[in-house]
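Data block below; observations after.
The values are calculated or read from the model by the stated rules, or taken from the named source; none is laboratory data. Here the structure is a predicted model, which is why all the values come from computation and not from measurement. In this analysis, Cβ positions are derived from the backbone assuming ideal geometry, glycine residues included, and neighbour counts consider all displayed protein chains.
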């Protein structure tokens with residue numbers, strides 16, 4: 001199972017099934033779940049593609065978020081989804097889904113070849129997208145092919161040759177868009193016209209959720225230490241384990257890179273964190289600030305603020 005293939009689910013389909021099982025509170029017969037999630041009146045007569053219900057079950061199984069008892073043909077939640085309650089919302093599920101996709105065990109040997117089992121194809125694509133600047137023009141499938149053909153100035157591709165092609169056909173691009181935005185690691189422009197439209201490497205949602213998971217409101221952390229922890233939590237960020245595994249350059253141990261810089265600056269503007277600069281600090285994080293592109297913005301500490309609905 002590969003998450004960008006046409007026989008895999010998109011995130012909303014997996015959420016519908018998880019929501020049903022959470023509400024149900026126990027295992028449910030496969031055919032009963034199928035009837036509730038995908039009523040007969042809404043099913044297509046097209047037999048050339050796998051039914052969405054089956055795609056959702058297979059994708060959840062691949063990420064070990066659901067299991068099927070083959071003997072009794074019953075479906076149930078497993079792993080972290082088992083602890084969900086009916087009061088949990090989509091944001092809670094997003095965090096669980098993102099952790100599952102980025103889990104190290106599912107992404108072993110990520111840079112050895114272009115094996116696409118599990119979430120590997122999605123993970124490579126996310127790492128590649130997040131090395132780009134959110135302030136530049138959004139990337140569509142055509143632009144993605146052009147960017148993938150570019151070299152790093154040393155007559156080699158930015159990605160390891162072994163993992164290419166990243167998007168062997170245009171049918172994978174819209175599926176990538178669904179997953180990347182659902183995981184909070186990309187954003188779609190407001191006036192996006194279709195599934196093949198552009199994406200922005202805006203990881204603000206994932207960074208915000210990660211910040212609030214890692215630290216408590218009022219806590220102040222050294223900015224370089226925060227960078228290290230965010231890269232561990234979101235290893236597709238430039239400098240993270242998954243990004244390095246596929247050959248992407250490391251911005252540096254004290255350099256955030258453009259995508260993470262954008263998210264942290266948004267956090268400061270939106271007041272869910274505060275970026276601070278102590279002139280006497282020994283460890284300084286450098287952010288890319290579009291208002292001063294020729295001079296990195298130095299940050300010594302990050303203070304976590306109380307989250308607001310905004």
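Comparison of 127, 116 shows that the only residue that is in contact with a strand residue (DSSP E or B) (Cβ under 6 Å, 6 or more places away or on another chain) and in the same structural domain as residue 160 (by TED's automatic domain parsing) is 116. A single entry from 265, 183, 273 fulfils the requirement of being touching a strand residue (DSSP E or B) at 6+ places or on another chain (Cβ under 6 Å) and surrounded by 18 or more Cβ atoms within 10 Å (Cβ to Cβ): 273.
So which residues in the range 290-304 are without any contact (Cβ under 8 Å) to a residue 60 or more places away in the chain and either touching a helix residue (DSSP H, G or I) at 6+ places or on another chain (Cβ under 6 Å) or crowded, with 16+ Cβ neighbours inside 10 Å (or both), if there are any at all?
In the first step, residues of the range 290-304 are kept if they are without any contact (Cβ under 8 Å) to a residue 60 or more places away in the chain; the result is 291-298.
Those that are without any contact (Cβ under 8 Å) to a residue 60 or more places away in the chain and either touching a helix residue (DSSP H, G or I) at 6+ places or on another chain (Cβ under 6 Å) or crowded, with 16+ Cβ neighbours inside 10 Å (or both): 296, 297, 298.
Quick grid of which residues meet (1) outside the structural domain of residue 159 (by TED's automatic domain parsing); (2) at pLDDT below 95; (3) more than 30 Å from residue 175 (Cβ to Cβ):
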position	(1), (2), (3)
214	yes, no, no
223	yes, no, yes
271	yes, no, yes
281	yes, yes, yes
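Can you pull out every residue in the range 1-26 that is part of a loop (DSSP other than H, G, I, E, B) and surrounded by fewer than 18 Cβ atoms within 10 Å (Cβ to Cβ)? Answer for the range 1-26, where residues must be part of a loop (DSSP other than H, G, I, E, B) and surrounded by fewer than 18 Cβ atoms within 10 Å (Cβ to Cβ): 1, 5, 6, 7, 25, 26.
So which helices (runs of 4 or more DSSP H) stay within the range 58-173 end to end and still have 3 or more residues that are more than 19 Å from the chain's Cα centre (by Cα) and surrounded by fewer than 18 Cβ atoms within 10 Å (Cβ to Cβ)?
On the way: elements: 90-102, 120-129, 141-149.
Once the helices (runs of 4 or more DSSP H) in the range 58-173 are filtered for at least 3 residues that are more than 19 Å from the chain's Cα centre (by Cα) and surrounded by fewer than 18 Cβ atoms within 10 Å (Cβ to Cβ), what remains is 141-149.
Would it be correct to say that residue 249 is modelled with pLDDT of 95 or more and not assigned by TED's automatic domain parsing to the domain that holds residue 150?
Working: modelled with pLDDT of 95 or more: no; not assigned by TED's automatic domain parsing to the domain that holds residue 150: yes.
Answer is no for this residue.
Residue 307: in contact with a helix residue (DSSP H, G or I) (Cβ under 8 Å, 6 or more places away or on another chain), surrounded by fewer than 19 Cβ atoms within 10 Å (Cβ to Cβ) and at pLDDT below 95, yes or no? Criteria met by residue 307.
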